[in-house]
Structures are given as C-alpha cells and as structure tokens.
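Okay, so here's the structure we're looking at.
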Amino acid sequence: MTEVADPRPLAAVLVSALAMCLIIASYRYPNVRESWSVVAALAKFGIILSMLPGVMDGTVYEWSLADSLGVEFLAGIDFVLRADPLGLLFALLASFLWIFTSFYAAGYMRGLDEHAQTRFFASFAASLSTAIGIAFAGNLVTIFIFYELLSLVTYPLVAHNEDNEARIAGRKYLAYTFFGGGVFLLAGTVLVYWLTSSADPAGEAHLAFESGGIGMLAEAAQADPVFAQAAFYLLIAGFGVKAAVMPLHSWLADAMVAPTPVSGLLHAVAVVKSGAFGVARVILDVFGPGLIYDLPLSVPGVGEVGLNIPLAILAAFTLTAASIIALRKDHLKRRLAFSTTAQLSYIVLGLSMLHPLAILGALFHIPAHAFGKLTLFFCAGAVHVETHTDYVSEMAGIGKRMPLTMSAFAIGAAGMAGMPLIAGFVSKFYMLIGSGSVGGGYWLFATALIVSGILNIAYLWPVVYTAFFESEDRHDAKPLLEFPPGGKRESYFENEETVATDGGDRSDEKPESGQPQPADERDDETEAKGAGTPETVTDEDEPEYAVDKYPSDHTVPEDAETHDDHAEDHHDHGDHHHGGPPAGGWERHSPFTESTWLMIFPISVIATGAVTLGVIPDYAVFLDLAMYIVEGVFGVDSFNELHDLSLEEAMEVIDR
C-alpha cells in the first residue's frame, strides 16, 4: 500500500464537530438547526466517499499531527488519522446512514415535541465525529482517545429523558463503556507498548495498525507469550464492552431508554459497531490471524487451544443466549436490543474463527446488520410516535394503521434471520461456509449460527404476524412468549373469568385500563424500565411522556416554569392514547398518510438498502471492501486464492 499525506481523514472528523457548534448557535431556529445536521451528514459522506477509489487502488490517506504541525503528541507516539480499507468500511457506513437518520430524527423529535432538541442534535453530531475518529484512528492511542470520547458525548443522548430511569441507564452506560471498557483498552495498549518497545533494538514502541498484524508485536510475543496473550484479551475485553459480548452486555438493553434515533444509529450502528470494529482491528491489524493461530493457550486438563477459541466460544454463547432472552421481551425496543447483542456476536464469532471466508462474512455483516437493524428501530420509533404503542402484545392489527412501516419491519426481520435476498443472508452464508471449511470442532460454531437464525425467526416473526394477520378483537397477545405454545385467544380481558395465556387465572391482574399487564412487569424484572414500560392508565392519572412533560426547547420562554410545574399544568394533549389500539380499532391508512415524510422516507430508503445488499452484493461496495481487507490481511492478490483453503493452509499463506 502507498501512504499519502492528505487532510481528508481529519476533515471527515471535524465536519460534524463544526456542525455541532452551528447547531448550538441556531437553537432559536429549528429548521436551520436541523438543516445543519443534514448538510454536515452530506459533507461527511462526500469527503469519505471521495477517498474510496484511491483506497481500493492501494492508497492509504494519512494525516499526522507531527507531520502537519510538528507537534509530538506523546513520547514516541503520534496522533494519526488514517483512511485504510477497514476504516473506510466503517466510516462509509456510518456517514451514509447519518444522512437519513438526520431526517428521521427531525421527524421523531418534532412528532413527540421533545424537550432539549438542540442538545440532542448537537450531541448527535459530536457522536458521529468521534465515531469517524474511531474508524480513521491510525494507532492504539488514537483509537483509545476517540473510543472514550464516544462514551462521553453519547451520555446526554442516553440520559435524554432526564428522569430517574434515564439517569440510571446513563450512569450504567458510562460505568460499562467509559470506565470499564476504557480501563481494559488502556491496559492492553500499555502492554502492547511495553512488549514492542522491549523487542525493538532502538526501544521504539510500535502501536500503528498494520494489515495482518504489527510485525514487532509478533516478534515480542515469541519472547513473552503470556504477556502477549494478556494484551490480546485485555484489548478484546475493552472493545467487547461496546460490542455487548456477555457478560458485558446489560448496559445495551437499559440504554433503550434513549430516543429511538439514538437507539437506531448509535446503538445499532455507531456505538456498538465501534466495539465490533475495534475487535476487528485487534484481530486483523494488531495481532493478525497468523500470530493468534501460532500463540496457543495452555489449558489445564485440556492442553493447548488456539488463542481465538475462548473468544469464539463466548461469542457463540452470547448470540444463542441473547436470542433466547429476546423471546421473553414484550417491549419491542428491548427485544431489538437483545437482538443487537446477538447480532454483534455474529461479527465477533466470524472474526475469531480466523478463516478467510468467515472473516469476510463477519466484515460484511457490519453493514448488513446496520441496514437491517436500523430499519427495525426506525419502524419501532415510527409506531411509537404515531400510536404510542411500544409492546408487541398491543400491536394486533397495527399493519392496517401503518402498512409501509410494518412491511419495512418485515424486511428488516428477514435480514436479521438470514433469509435469502436480504443482506443478512449473504454475511451469514459466508460465516457458515467458513466454519465448515475449518472442520474439526468448529462445527459447533456453525450449529450456533443456525440455531440463532431459527431463534431470530421465533422472536421477530410474531411481530409481523401480530401486525398483519391478527385483529384487535381476536388475537394472541404473545406468540412464543408464554405457554401453552402460542398462547390463547382473547388476550385482552373482557370479563373476570378470563384465563391467562399460561393457563392460569389472571382476573386479579387486570389493569384498570383494560390492557394486559406487560410481561416485563409481571416477571418483576430488575432491569431499568426506561425502554418505555407503560404505567396503568386511568382517567385521573395518565402516564407522563416526554411530550407531556416538556415542550420543544425553541418554544420555551426565558422565564419558563420548571418541567415539573409544566407537567402538573398539563391535562390533555389531544387525541393521543397511550398504547394499543384506540376505541373502535386501528384506523386504516395508506403508506403515504401513516406518518410524516420525514420518517417514511428514511424507513423506505434503509429497507431498500437492506434488500439491495442481499440481491446484488457483488455490486455493493461494502462486499468489495471486505474482500479487499481480507486480501490484504492474508497477503494475496485475489480473494479467489483463499476460497478452497483449510484454516491450516490459510495460515501457511500468511507465513509465506
């Protein structure tokens, strides 16, 4: 590869940071404020896209603090932004999806008349700036800085609602990602610094990413294998926090208290993908598949196992367990949160199998999951804005109220399950073929992929079925969630003799509103209810939504009362109901009248993108980039050279 000094990696990071300042300055003018988000998103995507042809031709664009300003960042360590194929894959994805999320966020925040909209859009822009910094970081120190900044700037988004649930979720988010993940990542970086500086005759540390692994680290690992193994697992743990690998995952479900645009882009694309991207950096560009394969662990009673095996086992467990947990979640966003936990571990599992085909599938699953899961979150948010419905058990027949939204949800669900013609099928197919090519005990990982795919159908198909194939008056409230399997009809109570779906008498649990008590409450879960758990609705005591408690920030006069006073004075907010079909059932709408264009347009585009990646993957730039990355890691001129190799043969290619 040819390295070229170029300011574009820096410009891609700074453009949204500049937009943040302009957004804050335009707080009195909502249209102008939100226009800055769109302009910055387009500019960021344009800058990143302009580097794609050169990167695909072997050029790496680099901006260095020392070379540009003559300033030494740390002793022997430079602050470097570098657009290489792996970084461009992540940056291109995040910047492209931000364009449509900017429109969606405007429609969502206006639809709920949310408070603190200026702070929301400013934090959103800052988050994208740090995410691109992670993508283009040229060494472990630079990526550590942006990794920690991402946690800080996304905290206001997680705690946006400013209630106790949001604050608890925000503190938990910081504890896991900023303190926990940051400590692990810093410790691993220090170990790599020590190992490489000790092995280098000149005493120079080697922290810069190299395709296939840092050469000096491979030499140092031969002398100090135990410390090299410790560095590997510390780095994986640091990035694994944001990748939500169990047992470091519980922050993700609680963070669903954030507004849906945050849950969509940041918790399905930027934040969690930064963790998966970091794992890819460690496996491909810090240690490299060759060193990981040649540095086995000695396990008492078992013997030597590959350094990658414990990580692969943990990822396989996570994707299976999280899928099972998702079956029990009635709240739609929490169900999608555990789905995200499972899907991220697909990426980790594919990378940890070390086979070229599995790595290709893992890299392509980064955009495949992003398009599919962003579609699902967008749909969940649109349903909340238009109907205030958050629970699957309250969505019977909602397909006639929101036909386009729920059709897009069906596309996203099919992608998550790995159905053909959707992007998720392509990535999972490569991972399955890769696990089969390895042979031996790796068939267990292939089994985990297949079982998780079946579970994906089990927890996502009921949402589609409930929306389109059931009616408000006769429906099964929780398919596959309770026993008898499939539940019983008439789940909305009509008399005191009603039998619950588990076969027991639930007459004493009937809420005053006539709606079924959510499963998440009946189970007495200790998780934060911030994902939208509804309270009992009565005429005297309505649950407080953000629209009830806070007006839009640009309409608040300087001498406005406190939020609590505003909530006390609020008695009615129009014809909105809170959860489930209104009296008389759902009103039928056409796809063009079910919501505003600000929400329908992004949902349609992202769902179409998920199909495009699945139907014509060879023409999708993400698959080409993924292949190019794998070619660089294994040192071959064409990916076809790696098709029919076993894992041992692929490692021999690296050695040559």
Can you report the number of residues in region 53-102 which are open to solvent by 50 Å² or more (accessible area, probe 1.4 Å) and touching a residue at least 24 places away in the same chain (Cβ under 8 Å)?
7
Give region 411-435 a look and list any residue that's of a type in the set (Gly, Ala, Ser) and either surrounded by fewer than 24 Cβ atoms within 10 Å (Cβ to Cβ) or within 15 Å of Leu363 (Cβ to Cβ) (or both), or say none.
Ala417, Ala423, Gly424, Ser427, Gly434
Given the conditions (1) closer than 30 Å to Leu623 by Cβ; (2) more than 22 Å from the chain's Cα centre (by Cα); (3) surrounded by fewer than 19 Cβ atoms within 10 Å (Cβ to Cβ), every one holds for Val38 apart from (2)
Considering region 608-629, residues that are surrounded by 15 or more Cβ atoms within 10 Å (Cβ to Cβ) and hydroxyl-bearing (Ser, Thr, Tyr), and then whichever is farthest from Thr375 (Cα to Cα), we arrive at Tyr628
Mind listing just one residue for me: the one in region 644-656 that is open to solvent by 70 Å² or more (accessible area, probe 1.4 Å) and outside any helix (DSSP H, G or I) and, of those, modelled with the lowest pLDDT?
Arg656
Helices (runs of 4 or more DSSP H) within region 64-171 that include 3 or more residues of a type in the set (Asp, Glu) and more than 30 Å from Val383 (Cα to Cα):
none
If you take just the helices (runs of 4 or more DSSP H) that sit entirely in region 281-355, which of them hold at least 1 residues that are open to solvent by 10 Å² or more (accessible area, probe 1.4 Å) and farther than 30 Å from Thr196 by Cβ?
309-327, 332-352
Checking Gly632 against (1) under 22 Å from Val426 (Cβ atoms); (2) buried (at least 17 other Cβ atoms within 10 Å of the Cβ); (3) within 25 Å of the chain's Cα centre (by Cα), which test does it fail?
(3)
Count of residues meeting criterion [touching a helix residue (DSSP H, G or I) at 6+ places or on another chain (Cβ under 6 Å) and surrounded by fewer than 22 Cβ atoms within 10 Å (Cβ to Cβ)] in region 211-223
5
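Taking Val13, is it of a type in the set (A, V, I, L, M), surrounded by 22 or more Cβ atoms within 10 Å (Cβ to Cβ), at pLDDT below 95 and assigned to a helix (DSSP H, G or I)?
Yes.
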Here are the criteria: (1) closer than 30 Å to Ser646 by Cβ; (2) open to solvent by 10 Å² or more (accessible area, probe 1.4 Å). Tell me which single one Arg401 does not satisfy.
(1)
For residues that are at pLDDT below 90, aliphatic (A, V, I, L, M) and open to solvent by 30 Å² or more (accessible area, probe 1.4 Å), tally how many sit in region 227-253.
1
Tell me whether region 627-635 contains one or more residues that are modelled with pLDDT under 90 and assigned to a loop (DSSP other than H, G, I, E, B).
yes
When the residues of region 356-391 are filtered to those that are among the β-branched types (Val, Ile, Thr) and part of a helix (DSSP H, G or I), which remaining residue is nearest to Val272 (Cα to Cα)?
Ile366
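So that you can scan it fast, the table gives a plain yes or no per residue for (1) at pLDDT 90 or above; (2) of a type in the set (Val, Ile, Thr); (3) at positive phi:
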position: Met56; (1), (2), (3): yes, no, no
position: Thr59; (1), (2), (3): yes, yes, no
position: Phe73; (1), (2), (3): no, no, no
position: Leu81; (1), (2), (3): yes, no, no
position: Leu89; (1), (2), (3): yes, no, no
position: Phe96; (1), (2), (3): yes, no, no
position: Phe100; (1), (2), (3): yes, no, no
position: Gly111; (1), (2), (3): no, no, no
For region 253-274 the number of residues that are assigned to a helix (DSSP H, G or I), within 14 Å of Tyr173 (Cβ to Cβ), of a type outside the set (D, E, K, R) and more than 9 Å from the chain's Cα centre (by Cα) is 5
Across region 41-52, which residue is modelled with the lowest pLDDT among those that are closer than 20 Å to Ser127 by Cα and either surrounded by 20 or more Cβ atoms within 10 Å (Cβ to Cβ) or in contact with a His (Cβ under 7 Å, 6 or more places away or on another chain) (or both)?
Ala41
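The values are calculated or read from the model by the stated rules, or taken from the named source; none is laboratory data. Since the structure is predicted, the reported quantities are computational estimates derived from the model, not experimental observations. Every residue, glycine among them, receives a Cβ derived from its backbone with ideal geometry; neighbour counts consider all protein chains shown. Ligands, DNA and RNA are stripped out before the accessible areas are found, and what is left, the full protein with its side chains, is counted by its heavy atoms. Shrake-Rupley method; radii C 1.70, N 1.55, O 1.52, S 1.80 Å.
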